[in-house]
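The values are calculated or read from the model by the stated rules, or taken from the named source; none is laboratory data. Nothing here was measured: the structure is a model prediction, and the numbers come from that model. Cβ coordinates were reconstructed from backbone atoms using ideal geometry, including for glycine residues, and neighbour counts include every protein chain displayed. Accessible surface areas use protein heavy atoms only, side chains included; no ligands, DNA or RNA. Shrake-Rupley method; radii C 1.70, N 1.55, O 1.52, S 1.80 Å.
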Amino acid sequence: MKFFIDTANIDEIKEAQEMGILDGVTTNPSLAAKENRPYREILTEICRVVDGPVSAEVIATDSAGMIAEADELVKIGDNIVVKIPTILSGLTAIKTLSERGIKTNATLVFSPMQALLVAKAGATFVSPFVGRLDDYAYDGMDLIADIVNIYNNYTFSTEVLVASVRNPIHVLESARLGADVCTIPLKVIKQLIQHPQTDIGLAKFLEDYKKVPKS
Ligand code: G3P
């Protein structure tokens, strides 16, 4: 499973990259707003430090506007993936962009049928938002299971990118279900490596080593 980081913060991206596990980045307008810098400037900097896919979201809600924004966004870097909202006009934009060889990420997906449609339109990635479904007492991971199952029934090349990840269980379940990608906030990435028994065991090894005769 590929690990993307879900942030527009360059320091967080560099920190995840130093861990050696980073495959890409996802951003959105809400994450960009936290940085208090122009979105294009943020994306340019991210593309300078990351080789893998970098998702950049359009603001237009009509197909022509989405396509025009996509044409500008892809000039920022070869690795830009254009994030398109999963609405009717978004389907048209995804179809047109995929025919032109521009990579797309269908965002704000909350149902298996939305996922089927964006795959048919040729989306590179589909982004189901698991945490936001959990917020409504619907298990977001059930949606991932449905999508993986449906895609496996056919020959879609669309990758399942689990988004709105809030905790390590979301990542574990994504891997169990065979999702292609999980986009994860830095805080959760760091939680994945932690185990108290590792810390206790390491402290004991270091303490015991003091008792080993030195030559
Ligand atoms: O990848 C989408 C993500 O940024 C949304 O997360 O926590 O706002 O639902 P959240």
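Here are R166, R176: which of them is within 21 Å of N28 (Cα to Cα), open to solvent by 60 Å² or more (accessible area, probe 1.4 Å) and either modelled with pLDDT of 95 or more or part of a helix (DSSP H, G or I) (or both)?
Details: R176 fails: within 21 Å of N28 (Cα to Cα).
Within the list R166, R176, the selection yields R166.
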Return the total of residues in region 127-141 being without any contact (Cβ under 8 Å) to a residue 40 or more places away in the chain, of a type in the set (A, V, I, L, M) and on the phi < 0 side of the Ramachandran plot. 2
Positions within region 71-101 being touching a Lys or Arg at 6+ places or on another chain (Cβ under 9 Å) and open to solvent by less than 10 Å² (accessible area, probe 1.4 Å), in sequence order: I80, V81, V82, L97
On the given criteria, is A115 more than 19 Å from the chain's Cα centre (by Cα) and surrounded by 19 or more Cβ atoms within 10 Å (Cβ to Cβ)? no
Could you check C47 against (1) touching a residue at least 12 places away in the same chain (Cβ under 8 Å); (2) on the phi > 0 side of the Ramachandran plot; (3) surrounded by fewer than 18 Cβ atoms within 10 Å (Cβ to Cβ) and say which number it fails? (2)
Any residue in region 142-162 that is within 13 Å of the ligand (Cβ to nearest atom), at positive phi, in contact with a strand residue (DSSP E or B) (Cβ under 7 Å, 6 or more places away or on another chain) and open to solvent by less than 50 Å² (accessible area, probe 1.4 Å)? no
Among the residues in region 140-154, are any small (G, A, S), in a helix (DSSP H, G or I) and touching a Pro at 6+ places or on another chain (Cβ under 8 Å)? yes
Could you please let me know if S30 is under 16 Å from the mean Cα position of the chain (by Cα), surrounded by fewer than 18 Cβ atoms within 10 Å (Cβ to Cβ) and under 27 Å from S98 (Cβ atoms)? yes
